[in-house]
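Asks: If you scroll down you'll find the structure; I have some questions about it.
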Amino acid sequence: TEALLEVTDLKKHYPVRAGVLRRQVGTVHAVDGVSFALGTGETLGLVGESGCGKSTVARSVLRLVEPTSGQIRLDGEDITHLSKTALRPHRRSMQIVFQDPFASLNPRMTAGDIVGEPLAVHGLATGKALETRVATLFEQVGLRPDQMRNFPHQFSGGQRQRICIARALALGPRLIVCDEPVSALDVSIQAQVINLLIDLQRQHGFSYLFIAHDLAVVAHISHRVAVMYLGRIVEIADKDELFRNPRHPYTQALLASVPVANPLAKKLAPLVDGDVPSPVNPPSGCAFHTRCRFAMERCKTERPALLDAGAGHQVACLLNDGTGRSQQGVSS
Ligand code: SF4
Ligand code: MG
């Protein structure tokens with residue numbers, strides 16, 4: 001099947017400047033060569049520790065930040081460098097749900113106006129028709145139509161995220177980017193919101209790029225999972241395959257910290273020993289070599305490519321390139 005979204009070798013580098021003369025002292029490698037495809041009706045989970053570049057990938061896909069290089073294709077069309085005007089028809093098909101529902105809702109607008117605004121801006125409905133459409137959207141996300149008159153502060157955190165989801169649904173998107181949509185919510189509410197997202201996908205058939213630092217949350221909603229480390233995808237596979245047979249030492253460490261019996265039961269503890277190195281001038285070779293328990297001498301200089309590892313599984317680790325030692329026995 002043709003991919004709805006195709007991202008190829010995406011990079012986003014920022015200069016770091018210092019001093020009165022604002023001289024460049026380094027480069028932030030926020031996203032450092034990310035490639036993936038997302039099918040229609042599919043959910044790709046993008047997981048990694050904070051600062052690994054997940055949100056920058058999300059914002060680049062939506063053209064909210066300009067990539068340094070690489071390509072973003074939507075429905076086969078290269079949208080990487082489209083002008084604002086040329087991008088406008090695509091804006092409807094790509095929506096985003098942010099982490100903090102309160103910060104992304106205008107406190108002076110009613111919930112009904114917030115959800116109806118995109119429809120009004122795009123000239124898709126007015127008056128009674130607009131009100132009816134907004135009422136339907138409220139019902140679709142599990143809110144009551146009479147709550148349209150209320151302001152954001154009159155809703156709970158979970159309800160506010162439902163408002164954001166209704167707003168994202170309004171224009172009939174084909175892709176919804178969810179950037180840590182439940183991270184700010186109580187654990188008891190997280191599953192409700194995730195299940196709502198799953199139900200909506202079943203009804204409408206859109207795709208999610210679902211970003212989270214919490215592997216358990218990603219596991220619940222995703223069909224495939226991509227693991228990011230310091231601006232790169234280090235492993236990508238079908239969800240079940242990834243959880244059953246993690247191949248990258250970083251993924252193995254992440255999974256070791258997931259509570260098995262009830263994955264949504266608690267927030268994850270810190271995942272891997274040692275701090276994430278700074279994305280300013282990141283480590284050479286395999287960026288994970290400073291924390292990897294299997295690191296070899298060549299890991300400091302050779303950058304592993306994301307290579308096929310069978311079963312639809314891709315891994316970026318020198319243990320997997322046919323020249324390192326076998327991965328057998330590394331897991332477990
Ligand atoms: Fe560890 Fe080397 Fe594999 Fe990187 S390439 S994950 S440092 S073994
Ligand atoms: Mg983020």
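Asks: Please work out which residue is nearest to ligand 2 (Cβ to nearest atom), limiting yourself to the range 162-183 and to residues that are β-branched (Val, Ile, Thr) and in a helix (DSSP H, G or I). Working first, answer last.
Replies: Step one: list which residues in the range 162-183 are β-branched (Val, Ile, Thr), which gives 163, 165, 176-177, 182.
In the following step, the residues that additionally are in a helix (DSSP H, G or I) were identified as 163, 165.
Values: Ile163: 21, Ile165: 18 Å.
For the range 162-183, the residue satisfying everything is Ile165.
Asks: Looking at Gly142, Gly112, which is the one that is surrounded by 21 or more Cβ atoms within 10 Å (Cβ to Cβ) and farther than 19 Å from His90 by Cα?
Replies: Numbers: Gly142 fails: surrounded by 21 or more Cβ atoms within 10 Å (Cβ to Cβ).
Only one candidate qualifies: Gly112.
Asks: When residues of the range 199-237 are filtered for being out of contact with any Lys or Arg (no Cβ under 7 Å at 6 or more places or on another chain), outside any helix (DSSP H, G or I) and either within 16 Å of ligand 1 (Cβ to nearest atom) or at pLDDT 95 or above (or both), how many remain?
Replies: Final tally of qualifying residues: 12.
Asks: What single numbered condition from (1) buried (at least 24 other Cβ atoms within 10 Å of the Cβ); (2) of a type in the set (A, V, I, L, M); (3) touching a residue at least 40 places away in the same chain (Cβ under 8 Å) fails to hold for Ile221?
Replies: (1)
Asks: With Asp308, Asp275, Asp240, Asp321 as the choices, which residue is under 17 Å from Ser50 (Cα atoms), at pLDDT below 95 and of a type outside the set (Gly, Ala, Ser)?
Replies: Going through Asp308, Asp275, Asp240, Asp321 in turn, the sole match is Asp275.
Asks: Which one of Leu124, Leu143 is over 22 Å from the mean Cα position of the chain (by Cα) and modelled with pLDDT under 95?
Replies: On the way: Leu143 fails: modelled with pLDDT under 95.
Result of the check over Leu124, Leu143: Leu124.
Asks: Just to be sure, is Gln99 among the polar types (S, T, N, Q) and in a loop (DSSP other than H, G, I, E, B)?
Replies: When the stated conditions are applied, Gln99 passes them.
Asks: Another question about this same structure. Take the conditions modelled with pLDDT under 95 and touching a strand residue (DSSP E or B) at 6+ places or on another chain (Cβ under 7 Å) and apply them to Leu38. Does it pass?
Replies: Here the answer is no, as Leu38 does not meet what is asked.
Asks: Something else now. Under the condition of being part of a helix (DSSP H, G or I) and of a type in the set (Gly, Ala, Ser), which residue from the range 102-128 is nearest to Phe206 (Cα to Cα)?
Replies: Gly116
Asks: Same structure again: Out of everything in the range 35-66 that is part of a helix (DSSP H, G or I) and polar (S, T, N, Q), what residue ends up being nearest to ligand 2 (Cβ to nearest atom)?
Replies: Applying the filter and picking the extreme gives Ser55.
The values are calculated or read from the model by the stated rules, or taken from the named source; none is laboratory data. All values reported here derive from a predicted model rather than from experimental measurement. Every residue, glycine as well, gets a Cβ built from its backbone with ideal geometry; the counts of neighbours run over all protein chains shown.
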